[in-house]
């Protein structure tokens with residue numbers, strides 16, 4: 001619209017309102033990425049599968065209307081804004097769920113925590129938008145194009161659809177995401193031209209304000225920007241003018257960042273009651289991906305995550321895991337969960353899933369990054385811990401245990417079962433066999449020699465052990481390293497008290 005047509009009838013020269021000068025532009029360089037998850041009201045119900053028509057409704061009584069619908073429902077003509085009665089007439093099999101703003105808010109906060117793997121400043125724009133300040137992340141992730149691709153690909157993999165845009169101001173990024181999906185503006189000077197073609201509804205202004213502008217013939221932001229500032233402020237209010245100034249970078253718009261919680265707590269509603277293990281595993285993998293992003297931002301891991309399956313009768317089935325060391329690997333945690341899920345006896349259909357992280361712990365570190373040691377050691381240790389976790393997932397926690405040495409001279413009391421990886425006392429320079437008999441085995445004596453499938457030859461010894469008098473289990477023995485006729489290394493002892501018998505106590509490898 002030409003400037004003369006818009007300014008003369010709307011803002012007469014006799015206006016008592018003084019002209020409002022434009023503020024000084026903000027100098028600090030920022031770059032914001034807006035993520036608009038406008039299908040979040042539907043996607044919180046895990047209704048991504050389009051085999052059955054599903055729609056989310058909002059409103060009361062006869063005013064209930066369709067808020068969002070999946071592809072199957074849209075194919076039958078069920079679209080946002082349609083009255084519920086008309087939608088049911090078009091699709092009698094339509095599955096209707098009520099909109100849940102609280103659950104949407106919780107899910108948006110969880111998405112904000114996920115996004116913090118890319119930047120430390122993530123801001124909420126209710127009800128379904130996020131703002132990420134990414135200027136400081138560009139070099140770390142290989143530039144703007146690669147960073148945007150990673151973020152969008154990651155959200156799509158989590159099951160969310162979105163529109164996005166990048167701009168030097170948060171307000172401009174939000175407006176561009178609504179009206180120009182994929183737009184990327186990196187220079188403040190280019191904002192007026194980039195915003196000019198956007199429809200007015202991208203601003204989120206009230207219906208009264210939009211109707212007033214449309215009644216004046218103003219259809220786009222470009223036409224709106226050509227109006228005189230003082231008349232614009234008098235007719236529509238200072239708030240709309242401030243929005244324009246913030247969008248163009250004339251006024252700073254500080255954003256409050258999300259503060260992540262100390263622990264992760266996630267839940268997911270299933271689209272229907274089910275006994276299907278594959279569907280539950282897929283939903284839990286979705287939560288594990290969120291947990292992994294939550295942990296990676298903190299450079300931390302979990303060692304005691306708990307999986308929860310909620311049934312339609314209100315009861316829960318819980319699967320706590322105990323890991324040998326903290327982990328943030330979603331694939332590995334999913335691998336440990338599946339044997340429990342396959343073997344579980346579910347007494348009733350499952351309606352929702354939940355995941356609790358438990359204590360968040362630092363990930364085990366190594367000197368590999370500094371080049372101070374061979375990396376094979378840390379890699380072998382990590383592989384050993386993962387092997388223990390996999391065996392426990394298959395065989396049970398009690399079936400896989402570690403052994404450590406105790407500060408005790410009596411061999412039968414010098415070890416104990418412990419958590420795998422637990423270190424006990426050092427073995428020192430004493431020769432001890434790996435295989436110790438639980439109860440020493442008496443040996444025969446022939447020709448004044450201990451005998452086991454032939455005469456035993458004493459090679460080293462004796463090592464005298466005389467202890468335990470304080471607990472009633474005292475021993476007094478002389479230990480020897482011996483060899484059998486077949487060359488087997490044995491650990492034997494002779495009692496120092498009568499009848500001075502010989503016993504086999506261990507076998508060397």
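What the table below lists for this structure:
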{"item": "Antiparallel content of DSSP bridges confined to the range 45-99, in %, to 5", "result": "55 percent"}
{"item": "Length gained when the stretch residue 212-residue 315 is fully extended (0.36 nm per residue, less Cα-Cα span)", "result": "31.6 nm"}
{"item": "Residue exposure sequence - 435, 470, 114, 415 - by fewest surrounding Cβ within 10 Å", "result": "470, 435, 415, 114"}
{"item": "Calculated SAXS-style log₁₀ I(q)/I(0) at q = 0.09, 0.10, 0.15 Å⁻¹ - the range 51-209, Debye, Cα scatterers", "result": "-0.39, -0.47, -0.96"}
{"item": "Least to most buried among 467, 169 (fewest other Cβ within 10 Å first)", "result": "467, 169"}
{"item": "In degrees, nearest ten, helix 277-298 long axis to first principal axis of the chain (Cα)", "result": "90 degrees"}
{"item": "Orientation-averaged projected area, Cα convex hull of the range 45-99 (nm²)", "result": "3.2 nm²"}
{"item": "Mean Cα-pair separation over length for the chain, i.e. relative contact order, pairs under 8 Å, 6 or more apart, %", "result": "11 percent"}
{"item": "Nearest 10 degrees, 0 to 90: helix 330-343 Cα axis against the chain principal axis", "result": "70 degrees"}
{"item": "The range 430-507: Rg to Rh, with Rh as the Kirkwood radius over Cα pairs", "result": "0.96"}
{"item": "Computed over the range 246-311, Cα set: Rg, Dmax in Å", "result": "17.9, 57"}
{"item": "Antiparallel DSSP beta bridges within the chain, percent to nearest 5", "result": "95 percent"}
{"item": "Relative contact order of the range 45-99, pairs being alpha-carbon contacts under 8 Å that are 6 or more residues apart, as %", "result": "38 percent"}
{"item": "Distribution of pairwise C-alpha distances over the range 265-366, 5 Å bins, in %", "result": "3, 13, 26, 24, 16, 10, 6, 2, 0, 0"}
{"item": "The range 174-224 and the range 234-260: distance between their alpha carbon centers, rounded to Å", "result": "14 Å"}
{"item": "Rounded tilt (10° steps) of 144-157 against the dominant C-alpha axis of the chain", "result": "70 degrees"}
{"item": "Sorted by Cβ neighbour density within 10 Å, fewest at the top, the residues 206, 267, 69, 357", "result": "206, 267, 357, 69"}
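The numbers here are math on the coordinates, done by the rules we state, and not lab data. What you are looking at is a predicted structure, and each value in this text was computed from that prediction instead of being measured. Neighbour counts run over all protein chains shown; Cβ positions are idealised from the backbone, glycine included.
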